[in-house]
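K.L.:
So that we are looking at the same thing, I have put the structure below in structure tokens.
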Amino acid sequence: MIIVEKTDPHHPQATALLKQSHALMESQFAPEDNFYLDIADLVDPSIHFFAARIGKDLCGTGALKINNGYGEVKSMFVAENARGKGVADAILRQIEDQARADGLTVIKLETGNVLHAAHRLYRRFGFEDCGVFGDYAEANSSLFMEKKL
């Protein structure tokens, strides 16, 4: 069974997952095209950080950053050995539930243009392409999406 709950990003297993995610992004994209949040930034009061676990082992992360009038999906990552088991779906459902509980009517995200599995996940959840938002700049390596709640 997959359990998703609020977690401290400094939890050793969460930190390990975040470091794996950051390494993957750094291997795929130029430094100026990496928009992940540092682990220390994920404890900000405007961020709900979640981790998924199967048994005692954390196997995925995701966060909801509350911005002015919308939420943003951040730090979505699933460990390689847990992919295909519904972990990302469970995390994204929790993020959406939190956004609704916070009274948000739209959630947005930026993802890499070559992260095709992520694109499929987000489209399956009803996300659609949108324009640049927030502090992002137009980048060939980015895909921007949103979902109205």
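Each value in this text was obtained by applying a stated rule to the coordinates, not by laboratory testing. Remember, it's a predicted structure, so these values are computed and weren't measured experimentally. Note: ideal-geometry Cβ built from the backbone for every residue, glycine included; neighbour counts use all protein chains shown.
K.L.:
What is the local net charge at ILE39, summed over the other residues whose Cβ is closer than 15 Å to its Cβ (Lys, Arg +1; Asp, Glu -1)?
P.N.:
With Lys, Arg at +1 and Asp, Glu at -1, the neighbours total -2.
K.L.:
Mind checking which of MET25, ILE107, CYS130 is farthest towards the positive end of region 17-149's charge dipole, using Cβ charges of +1 (Lys, Arg) and -1 (Asp, Glu) about the Cα centre?
P.N.:
Value: ILE107.
K.L.:
Right, another one. Working from the alpha-carbon coordinates of region 1-141, get Rg over Rh, Rh being the Kirkwood radius.
P.N.:
When Rh is taken as the Kirkwood radius, the ratio is 0.92.
K.L.:
Would you calculate the separation in nanometres between label points at SER46 and ASP102, each defined as 7 Å from the Cα along the Cα-to-beta-carbon direction?
P.N.:
1.0 nm
K.L.:
Efficiency by 1/(1 + (r/R0)^6): what FRET value for ILE3 and GLU80, r their Cβ-Cβ distance, R0 = 22 Å, to the nearest 0.05?
P.N.:
That pair, ILE3 with GLU80, gives E of 0.65.
K.L.:
When only DSSP loop residues count, what chymotrypsin sites (Phe, Trp or Tyr not before Pro) in region 75-149 have their Cβ near at most 14 other Cβ atoms within 10 Å?
P.N.:
TYR136
K.L.:
Starting from 0.36 nm per residue, how many nanometres of slack lie between ASP38 and GLN13 once their C-alpha separation is accounted for?
P.N.:
Difference between extended and current length: 7.5 nm.
K.L.:
If each residue of separation counts as 0.36 nm, what is the full-extension length gain between SER142 and ASP129 once their alpha-carbon separation is subtracted? Write down the numbers at each step before the final one.
P.N.:
Numbers: separation 13, 0.36 × 13 = 4.68 nm, distance 1.09 nm.
Contour length minus Cα-Cα distance gives 3.6 nm.
K.L.:
Would you work out the charge dipole size for the chain about its Cα centre, treating the Cβ of every Lys and Arg as +1 and the Cβ of every Asp and Glu as -1, and quote it to the nearest 20 debye?
P.N.:
With only Lys, Arg, Asp and Glu charged at Cβ, the dipole is about 680 debye.
K.L.:
Identify all lysines with a Cα-Cα distance to LYS65 below 23 Å; exclude those on the same chain that are fewer than 8 residues away in sequence.
P.N.:
Hits, sequence-local ones excluded: LYS6, LYS19, LYS74, LYS108, LYS147, LYS148.
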